[in-house]
1. With labels modelled as points extended 7 Å from the Cα through the Cβ direction, what inter-label distance (nm, one decimal) is found for residue 173 paired with residue 157?
2. Assuming a ≥ b ≥ c are the square roots of the Cα gyration tensor eigenvalues, decide whether region 73-126 counts as rounded (a/c under 1.5), prolate (otherwise, with a/b larger than b/c) or oblate.
3. Please arrange 116, 204 by how many other C-beta atoms lie within 10 Å of their C-beta, fewest to most.
4. Would you mind ranking 65, 149, 159 by Cβ crowding within 10 Å, fewest neighbours first?
5. Quick one, what does Rg over Rh come out to for region 85-214 if you take C-alpha atoms and the Kirkwood Rh?
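Just so it is clear, none of the values below were taken in a lab; they were calculated from the coordinates. Just so it is clear, the structure is predicted and the values come from calculations on it, not from any experiment. When we count neighbours, we look across all protein chains shown, and the Cβ atoms used for this are built from the backbone with ideal geometry, even at glycine.
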């Protein structure tokens, strides 16, 4: 059966070529001209195809990319995120936690808080790509101290290292607490006191912020109203 199919296919190919060349052109010159036209036609049809280069650089040296735009544009805030919106964090240490959006920083990151006493989320920066905005809104007036907080506020404290470059980990609780500056503690307390007042004004909002967001079997996030 396989041999019969193979013979049939070859016979059909020969017949097609015979019809194309010998029926259309009778003389030898016409046969040669027909073959040339066929080859040139195939070349013109294949010329438009993308030719990929199967070549990769040998060295793994990093190239320094120069930015064409010297003044980069600030990231646009999503229309469904406004000050006081409750957000669900999707990544990081506090993923699944509900937080309150306060302000957008110059870098484009979102300034959020738990508050810390309710769910343990401190003042932190979050990328708006890793956030789900909910329809829950908190009535926040102008909180004193939020405008002063910028990207420099979140600079890390320099870590102690040995001569070999190994990190010296803090052993006691006092050394761990020193890594959090007094400026950060006061800002956290001042903002959280005013935010917690607004949270306490709306019923059941404290329990809502305390509970972690999670999906069960069969639930689809794009069909839910959160």
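1. According to this spin-label approximation, the distance is 1.6 nm.
2. Details: a/c = 1.87, a/b = 1.74, b/c = 1.08.
Judged from the Cα gyration tensor, region 73-126 comes out prolate (a/c at least 1.5, a/b above b/c).
3. Numbers: 116 17, 204 7.
Placing the least packed residue first, the sequence is 204, 116.
4. Values: 65 6, 149 19, 159 10.
Exposure proxy ranking, most exposed first: 65, 159, 149.
5. On the way: Rg = 16.3 Å, Rh = 16.1 Å.
Rounded to two decimals, Rg over Rh is 1.01.
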